[in-house]
């Protein structure tokens with residue numbers, strides 16, 4: 001699926017308004033990291049984020065991080081053993097579908113940086129976790145990422 005972050009976030013502003021949340025024009029900031037990309041080195045102070053990983057037209061993962069989740073934001077998705085439900089672990093479990101060879105599996109973090117696009121959507125932490133969760137849920141519904149939840153929960 002090809003997605004347009006600006007249009008998608010304009011639609012989210014409507015959803016937020018229906019939920020009683022007022023967003024200022026500069027509350028949401030988009031940071032596009034096309035492949036090959038360098039992962040962010042830190043989550044900016046006072047911010048929280050939702051991120052979207054894509055491979056071609058395929059949306060792989062949508063996730064969120066609160067203002068104190070540096071490792072989740074910067075590195076965990078590039079390392080299969082770093083946490084539960086990482087992009088790296090999901091891709092390794094699905095190597096045949098993606099067409100990865102043994103060398104790609106061994107160097108999965110490098111493969112992600114080289115082949116996967118990432119979009120970070122930054123919000124002020126002052127908006128609160130419910131707004132962050134609403135944005136993540138909206139994007140998961142809109143984009144239908146391949147690796148969301150547990151394998152048994154995927155359609």
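Filtering segment 2-22 to residues that are surrounded by fewer than 14 Cβ atoms within 10 Å (Cβ to Cβ) and either at negative phi or part of a helix (DSSP H, G or I) (or both) leaves 2, 4, 6, 7, 10, 11, 14, 17, 18, 19, 22. Selection within segment 25-55: residues that are over 13 Å from the mean Cα position of the chain (by Cα) and in a strand (DSSP E or B). The member of this set that is nearest to residue 73 (Cα to Cα) is 47.
When segment 1-21 is filtered for residues that are at pLDDT below 95 and touching a helix residue (DSSP H, G or I) at 6+ places or on another chain (Cβ under 8 Å), the ones remaining, listed by number, are 1, 3. Taking the condition within 29 Å of residue 10 (Cα to Cα), touching a residue at least 60 places away in the same chain (Cβ under 8 Å), in contact with a strand residue (DSSP E or B) (Cβ under 7 Å, 6 or more places away or on another chain) and not in a strand (DSSP E or B), does residue 122 pass? Criteria not met by residue 122. Of the residues making up segment 23-67, those that are surrounded by fewer than 19 Cβ atoms within 10 Å (Cβ to Cβ), touching a helix residue (DSSP H, G or I) at 6+ places or on another chain (Cβ under 8 Å) and without any contact (Cβ under 8 Å) to a residue 60 or more places away in the chain are 41, 42. Taken together, 78, 147 contain a single residue that is crowded, with 18+ Cβ neighbours inside 10 Å, in contact with a helix residue (DSSP H, G or I) (Cβ under 9 Å, 6 or more places away or on another chain) and touching a residue at least 60 places away in the same chain (Cβ under 8 Å), which is 147. Taken across segment 93-103, residues that are surrounded by 13 or more Cβ atoms within 10 Å (Cβ to Cβ), in a helix (DSSP H, G or I) and touching a helix residue (DSSP H, G or I) at 6+ places or on another chain (Cβ under 7 Å) do occur, with at least one present. When segment 104-119 is limited to residues that are assigned to a helix (DSSP H, G or I) and touching a residue at least 12 places away in the same chain (Cβ under 8 Å), the one that is surrounded by the most Cβ atoms within 10 Å (Cβ to Cβ) turns out to be 112.
The values are calculated or read from the model by the stated rules, or taken from the named source; none is laboratory data. Owing to the predicted nature of the structure, the values given are computational and were not obtained by experimental measurement. Using ideal geometry, Cβ is built from the backbone for each residue, glycine included, and neighbour counts are taken over all protein chains shown.
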